[in-house]
Amino acid sequence: AQHPALRLHLLIDDTPIDLIQARIDLAIRFGPLPDSAWVARRLGALRWWVCAHPDWAAAHGPVNHPDALLGHAWLGFVRERPGLRLDLRAPDGAMRELRIEPRLSSNNQFSIQQMCAAGLGPALLGSIDAHDDVATGRLARLLPDWTLPALDISALTPQRDAQPAKVRLAIEALQA
């Protein structure tokens, strides 16, 4: 809205893309970055929340310890291999590892969130994505006092110096 002459082509894909071959000026990546000639700028971190539909939480509650979630039909973001490992830290600093084999899985995080909101089971969701659904009561956050390792969010560009104004402005907007 602030730059009406700017043309934007948004490509959303959960699979790694060759950024040079695809002629991408700026990419947003989540998680550890592979070695590359691209320049990375950290934008922030994604916090993970364990969520479920409020009716699911009421029917299976109280969920005040990770062990209460064992044996349930989980939903999971799975790209290459089945299974999820959750490293949860208790309020007192103790660690608890859960290994989950999702009953329903997808390579798309939004579809996992939709299935979770439909009451199909608990899921690990990004706080950025789930925040509004939790705030409106569409989703319930389970184990809110427990934390999971954050996932770094980075902006990748092909060069450090002489970046086009559109790239610099986009990074500034993302950082804001």
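The values are calculated or read from the model by the stated rules, or taken from the named source; none is laboratory data. Everything numeric here is computed off the predicted structure, so don't read it as measured data. For neighbour counting, all protein chains shown are included, and Cβ atoms are generated from backbone atoms with ideal geometry for every residue, glycine included. We work out accessible area using only protein heavy atoms, side chains counted, and drop any ligands, DNA or RNA first. Shrake-Rupley method; radii C 1.70, N 1.55, O 1.52, S 1.80 Å.
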Subject >> Hits in segment 85-101 - residues which are open to solvent by less than 30 Å² (accessible area, probe 1.4 Å) and either in contact with a Gly (Cβ under 6 Å, 6 or more places away or on another chain) or not in a loop (DSSP other than H, G, I, E, B) (or both) >> reply: Leu86, Leu88, Leu98, Ile100
Original post:
Which residues, taken from segment 38-72, are small (Gly, Ala, Ser), loosely packed, with under 12 Cβ neighbours inside 10 Å and either within 22 Å of the chain's Cα centre (by Cα) or part of a loop (DSSP other than H, G, I, E, B) (or both)?
Top reply: Gly71
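Looking only at segment 17-37, how many residues end up being polar (S, T, N, Q) and open to solvent by 80 Å² or more (accessible area, probe 1.4 Å)?
So the count comes out to 1.
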**OP:** Go through (1) closer than 20 Å to Leu46 by Cβ; (2) surrounded by 12 or more Cβ atoms within 10 Å (Cβ to Cβ); (3) of a type in the set (D, E, K, R) and name the single condition Asp132 misses.
**Re:** (2)
